[in-house]
Amino acid sequence: MIPDNDLIDFSAKKRLQNIEKLKNEEFDLLIMGGGITGAGVSCCTTHAGLKTALVEMNDFASGTSSKSSKLLHGGVRYLQQFKFRLVFEALRDRNYLFKHLPHLASPLSFLLPVYKGSKEPLLLLNAGLSLYDGMSLISKNAVTRFHKIIFGKKVQNYEKNLNLRNLTGAIKYFDGICDDARLTLENIKTADFLGATIANYVKIIGFDRNEDLEVNFAIAKDLLSGETFKIKAKKFLNASGPWVDAINKTENASYGNKLKPTKGTHIILPKLTDGNALFLKTPEKPQRWFFIIPFGENSIVGTTDTKAEVKDENDFSYLEEDNYAKESEIDYLLNAVNFYFPDSNFTSKDIISSFAGWRPLVAPEGEDTSESDISREHEIFETESGIICIAGGKLTTYISMSKEITEYIFDLLDIDYVKIEYPRILSWNTDIDKNTFLKLEKSISEYKDDDVIEYLINRYGTEYYKILEIMNISPEMAQKIENLSEDAKIYRAEIIYSVFYEMSITLKDIMNRRFRLILKDKNQGINAIDEITEIMSYTLADLLNWSEDYRENWASVQKEEYILELEKVNAYSLIKDVLA
Ligand code: FAD
């Protein structure tokens, strides 16, 4: 069933080989954290010629980078705060992603309704959006889609169920959307392709220093085998998002925290809008901006923005434990939705799923800034013993951040830096636009089903043929996984691909991040876990020479852990009947 060994590119087997390399070789740079920041930097530094390693304590994108609102946006609201640099950088990066990752990043229509008494009247917003469009237009890869103003009840032509009471009009404009976890993974896969040494489920637990008191080794733990080992590098980049302070504390217990993470919760509800994303203010005071975002057959609603309630600044357990939607957060979001969609009357029973993450924000020292006002801009700083840290920023701006930190590291290493373009992402390895590529591939492919080709290209870009190769091994591989909603459909071959080429190690990697079944399927994939676990476990067993007993035990533990996860995302009430 398994293709030739040389096709097994980025798998659990490669992970073991990479761990051996991490133990035995010296690197120019060790990146700690496999979220979008670490993933982006690893692409850039490897492309620029640095011998780069990256370790992630969990799965790639398992931190904040799978819990974002998934928007590629300049951030209209940052214009209000005069953060022009942040907005320009984000618009430039957004436009770059539209052009260079057309299978992942797509423009999305937004509607910004304005109600009587709003602090931001329609004409002021119109002026703001003119500036926004203008900034996008002067950036490279400019997107020529302009906003428009809609007066009064005409808004109903765009969103028929929206609350019209006191509505003065709306602004319709464009930004973008992207699967955050897949964006991260595609950057990780590209860094691997370029030569970086990468492993997930490897946690940094401490450091050694040389006689000059500079860090020269990181102490790592393979969380799957339990083995501890050291990684030697010239420079260490802490790209662990909200965990930046936690890692720095393992090196120096008296290090003072720099971050003030805030929590953002989203809920997923049955489809609310007619295809637009809505940008709205909560009815509850103090009013905050929130989004309702189309998500296939459903809508994502979020987010909240709350500070961590931490009594002990050495305790970072909240980052993993308080990582789910709380009842009060759910009520807050439902209340906002029911205000703008008065006929919906949603209750917590209607929630399909939820997710929550921590913003890795660097707060200004000493000031008591409100959560929403803490800067979203990134910061680079170093600890006394030379650990380079990067925190803050946005999913959208990871390319600018990656280029900046690469230049910074070259400077520290005293190597002349020749400005580079961000490397081409492995899964869009062509200059052709998506529609032309789709037409071309459909016309030349021997595979008869055009819909399958379109589906695979939309998900895997120019790498789609690798899944077709697996489908061609046997008709069984070309079958869909059973018992999933249409929105969440996947093929058996994709599971195998994700084990061979995407370092999928656990069932949660598949359900939560590779395919987002926990968010997309109306039963959170619960009816498909037997089939998925079977395919995954046999593939891993072949790769890693597991015994049948070991495989069976692995499969049952994985299923139990996934069901526990469902309890936490608040979907358990919905699946109880299925389990019974
Ligand atoms: P993370 O994604 O958290 O990655 C850090 C990684 O480090 C984690 O995977 C973690 O497991 C790993 N790690 C931690 N400790 C260790 C260790 N000891 N050893 C090894 N690895 C370790 N931005 C946008 O542009 N658009 C949006 O719509 C948007 N919406 C957002 C909504 C919310 C609710 C939140 C919270 C953020 C949002 N953002 C958005 C911001 C964006 O998601 C983040 O800026 C970005 O994902 C941060 O990525 P990161 O790689 O820095 O951190």
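Before moving on, here are some points about what is shown:
- Single residue of region 191-221 satisfying the filter (open to solvent by 50 Å² or more (accessible area, probe 1.4 Å) and within 16 Å of the ligand (Cβ to nearest atom)) that is farthest from residue 402 (Cα to Cα): 221
- Lone unmet requirement of (1) more than 11 Å from the ligand (Cβ to nearest atom); (2) within 15 Å of residue 357 (Cβ to Cβ); (3) open to solvent by 10 Å² or more (accessible area, probe 1.4 Å) for residue 291: (1)
- Residue among 536, 511, 477, 503 that is open to solvent by less than 20 Å² (accessible area, probe 1.4 Å) and part of a loop (DSSP other than H, G, I, E, B): 503
- Members of region 105-122 found to be surrounded by 13 or more Cβ atoms within 10 Å (Cβ to Cβ) and more than 24 Å from the chain's Cα centre (by Cα), listed by number: 112, 113, 114, 115, 118, 120, 121, 122
- Qualifying positions in region 441-460 - modelled with pLDDT of 95 or more and open to solvent by 60 Å² or more (accessible area, probe 1.4 Å): 454
- Entirely in region 1-104, the helices (runs of 4 or more DSSP H) that have 3 or more residues that are open to solvent by less than 10 Å² (accessible area, probe 1.4 Å): 12-24, 36-47, 84-100
Yes/no per residue for (1) at pLDDT 95 or above; (2) farther than 23 Å from residue 61 by Cβ; (3) part of a strand (DSSP E or B):
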site: 242; (1), (2), (3): yes, no, no
site: 249; (1), (2), (3): yes, yes, no
site: 264; (1), (2), (3): yes, no, yes
site: 278; (1), (2), (3): yes, yes, yes
site: 283; (1), (2), (3): no, yes, no
site: 287; (1), (2), (3): no, yes, no
site: 291; (1), (2), (3): yes, no, yes
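Per-residue answers, yes or no, for (1) out of contact with any Leu (no Cβ under 7 Å at 6 or more places or on another chain); (2) part of a loop (DSSP other than H, G, I, E, B); (3) over 30 Å from residue 385 (Cβ atoms); (4) open to solvent by 40 Å² or more (accessible area, probe 1.4 Å):
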site	(1), (2), (3), (4)
407	yes, no, no, yes
411	yes, no, no, yes
418	yes, yes, no, yes
421	yes, yes, yes, yes
429	yes, yes, yes, yes
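- From the options 256, 296, residue that is of a type in the set (Gly, Ala, Ser) and farther than 20 Å from residue 350 by Cα: 256
- Any hit, region 73-81, residues being touching a Ser or Thr at 6+ places or on another chain (Cβ under 9 Å), at pLDDT below 95 and more than 10 Å from the ligand (Cβ to nearest atom): yes
- Hits in region 361-398 - residues which are farther than 14 Å from residue 259 by Cα, outside any loop (DSSP other than H, G, I, E, B) and at pLDDT 90 or above: 388, 398
The values are calculated or read from the model by the stated rules, or taken from the named source; none is laboratory data. Computed from a predicted structure; not experimentally measured. Glycine gets a Cβ as well: all are built from the backbone with ideal geometry, and neighbour counts include every protein chain shown. Note: accessible area is taken over every heavy atom of the protein model, side chains too, but ligands, DNA and RNA are not part of it. Shrake-Rupley method; radii C 1.70, N 1.55, O 1.52, S 1.80 Å.
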